[in-house]
Structures are given as C-alpha cells and as structure tokens.
Amino acid sequence: MNQQIYGTEHIIFLAVFFVLATVSLILIAKYVKTEKTKTIIIKVLAFLLLCAILCNRISIAVLSNDWRRVIPNTFCGMDSLVLALALLFGKKDNAVLHFVVYFAFAGGLGTILYPTFIDTYSSVFHPITFSGLIHHALSFYLTILLQVVGWFTPDYKKWKSIVVGFLAYITLGAFLIFGLGINTAFYVNESIIDGTPLTVWVLIPIFVVGFTIYMFIDQTIRFKIRKKKEQNMTQNENKNIKNS
C-alpha cells in the first residue's frame with residue numbers, strides 16, 4: 001500500500017522537522033554570534049543540501065533507468081542545487097540568493113506540506129521519497145536561517161535578480177523539453193498538481209502576489225525596528241544632555 005499525503009509517516013516527518021527547525025533556529029539566534037561560526041553552519045548545511053539533491057536526482061535516474069533525470073527538471077530541484085552552490089561558493093548576500101531564496105522558500109514549504117510524489121511509493125523512506133522530502137525541507141530551512149543569521153537580507157530593489165533567475169530556469173526548461181524530450185520540465189506544459197491549472201504561467205502571478213506581500217511585511221517590520229532604535233537613541237541623548 002502506498003503512502004498518503006498526511007498519512008502517518010508524512011505527519012511524523014513534518015512534526016520532527018518543524019520541532020527541530022524551530023528549536024535550532026531559536027538556539028542559533030540566541031547563542032551563535034560570531035560570523036565565523038555562522039558561516040560554518042551555513043556551509044555545512046549547504047553541503048548536506050547538495051548531497052540530498054544529488055542523491056534525489058541519482059535515485060530518480062537509476063530507478064527510472066533514464067539518465068536525463070539526473071538534471072533537475074523542477075523549480076524545487078533546481079532551487080536546491082542552485083541554493084547549495086550559491087552558499088558553498090558564493091559570498092554573503094550574493095546576487096544569486098536574491099532570487100533563489102524566494103523560490104526555495106515557496107517551493108520548499110509548499111512541497112513538504114503537500115508532496116505530490118509521496119503516494120507513488122510504499123514508504124517515506126524510499127530513496128526517492130526520503131531524499132526528496134529532505135532536500136525540500138533543508139532548502140526551506142536554509143531560507144529562514146539565512147535571514148536569522150544575517151547572511152541574506154530581503155531587498156525589493158533587487159527584484160531584477162528574480163527575473164534573471166526565472167528566465168534562466170525557463171531556458172533550461174526549454175532545452176529539457178525540446179532537446180531531451182522531458183515534457184514535464186518546469187511545469188511549462190503540465191501542471192504541478194494533476195487535474196489543476198497550476199502550470200508555471202499560473203504560478204507566476206501567484207508568486208508575484210506572494211513576493212509583494214512578503215516584502216511589505218518585511219519592510220514594515222524593518223521600518224518599525226529602525227524607528228524604535230531611533231527613538232531609543234534620542235531618549236539616550238536627551239538623558240545624557242540632562243545629566244551633563
């Protein structure tokens with residue numbers, strides 16, 4: 001019997017992941033202060049993410065007996081690969097992060113909550129299923145961790161990076177579709193969920209709305225933090241003047 005979305009194993013996976021993710025983020029935010037330690041944590045997790053996505057693609061290629069499947073043909077798969085490489089070889093807050101973080105956040109969270117591939121196999125611990133859940137979970141986790149430790153700062157002024165990243169993905173998708181005959185690549189011709197209209201052309205406006213809301217919330221929070229700091233500085237200056 002195949003697994004079901006929100007079956008026992010899926011629920012256990014989600015529970016374990018969210019508990020570990022929440023506790024670790026709190027501990028890192030509280031106790032990890034040096035840039036060196038932050039960098040080590042980011043690099044180690046990026047390496048684990050790279051291992052997870054490579055295991056996933058190799059498992060898919062071997063078990064389907066199709067070498068073409070080694071190349072990630074979904075946004076999430078490519079996000080995990082690009083995010084891992086950008087963190088392993090790129091600098092803090094590099095340009096690649098300003099598109100892949102948003103893609104990985106949306107894709108990672110959406111997939112672990114609703115993994116459409118989970119009911120294809122009898123267990124979550126099947127090589128394809130487990131490596132798929134792990135790389136989605138790690139990519140989602142990293143998008144939050146990067147902001148917690150200051151390795152990535154959202155900036156709406158760098159929206160052009162998203163356009164460049166998206167066009168790069170679609171270009172690869174075109175190659176996979178017309179060059180290698182993988183018709184499902186990047187949801188151009190087929191939807192992300194069978195029986196729905198959720199192709200990439202429908203997902204784009206949904207993503208734009210989500211990005212706008214995300215940026216509005218982020219900028220609102222940052223504005224309030226700046227105002228509070230300015231008020232505290234003003235109060236401290238007034239106290240110093242009175243005491244002098």
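Among residues belonging to the range 92-119 that are β-branched (Val, Ile, Thr) and over 16 Å from residue 57 (Cβ atoms), point out the one that is surrounded by the fewest Cβ atoms within 10 Å (Cβ to Cβ).
Keep residues of the range 92-119 that are β-branched (Val, Ile, Thr), which gives 96, 100-101, 111-112, 116, 118.
Filter once more, keeping what is over 16 Å from residue 57 (Cβ atoms): 96, 100-101, 112, 116, 118.
Details: 96: 17, 100: 31, 101: 24, 112: 23, 116: 12, 118: 25.
Going through the qualifying residues, I end up with 116.
Return the residue satisfying two criteria in turn: it lies in the range 182-193 and is touching a residue at least 40 places away in the same chain (Cβ under 8 Å) and either part of a loop (DSSP other than H, G, I, E, B) or not hydroxyl-bearing (Ser, Thr, Tyr) (or both), and of such residues it is farthest from residue 70 (Cα to Cα). Break it down into steps so the answer makes sense when it comes.
Taking the range 182-193 as the starting set, the residues that turn out to be touching a residue at least 40 places away in the same chain (Cβ under 8 Å) are 182, 184-187, 192-193.
Then drop every residue that is not either part of a loop (DSSP other than H, G, I, E, B) or not hydroxyl-bearing (Ser, Thr, Tyr) (or both), which leaves 182, 184-186, 192-193.
On the way: 182: 12, 184: 14, 185: 13, 186: 14, 192: 19, 193: 22 Å.
In this case the residue turns out to be 193.
What are the residues in the range 129-179 that are surrounded by 15 or more Cβ atoms within 10 Å (Cβ to Cβ), within 29 Å of residue 61 (Cβ to Cβ) and of a type in the set (Gly, Ala, Ser), if any?
Across the range 129-179, the qualifying residues are 131, 132, 137, 139, 165, 173.
Just to be sure, is residue 19 of a type in the set (Val, Ile, Thr), closer than 26 Å to residue 184 by Cα and modelled with pLDDT of 95 or more? Give the steps one after another, and end with the answer.
Values: of a type in the set (Val, Ile, Thr): yes; closer than 26 Å to residue 184 by Cα: no; modelled with pLDDT of 95 or more: yes.
Considered against the rule, which asks whether it is of a type in the set (Val, Ile, Thr), closer than 26 Å to residue 184 by Cα and modelled with pLDDT of 95 or more, residue 19 comes out as no.
I need the full set of residues from the range 54-81 which are farther than 12 Å from residue 127 by Cα and either under 18 Å from the mean Cα position of the chain (by Cα) or surrounded by 17 or more Cβ atoms within 10 Å (Cβ to Cβ) (or both), in order please. Spell out how you get there, then give the answer.
Keep residues of the range 54-81 that are farther than 12 Å from residue 127 by Cα, which gives 64-81.
The answer is 69, 71, 72, 73, 74, 75, 76, 77, 78, 79, 80, 81.
Among the residues of the range 225-241, is any closer than 22 Å to residue 105 by Cβ and either modelled with pLDDT under 90 or assigned to a helix (DSSP H, G or I) (or both)?
First, pick out the residues of the range 225-241 that are closer than 22 Å to residue 105 by Cβ: 225.
Narrowing the set further to residues that are either modelled with pLDDT under 90 or assigned to a helix (DSSP H, G or I) (or both) leaves 225.
Scanning the range 225-241 turns up at least one residue that is closer than 22 Å to residue 105 by Cβ and either modelled with pLDDT under 90 or assigned to a helix (DSSP H, G or I) (or both).
The values are calculated or read from the model by the stated rules, or taken from the named source; none is laboratory data. Quick caveat: nothing in here was measured; it's all calculated off a predicted structure. Virtual Cβ from ideal backbone geometry, glycine too; neighbours counted across all protein chains shown.
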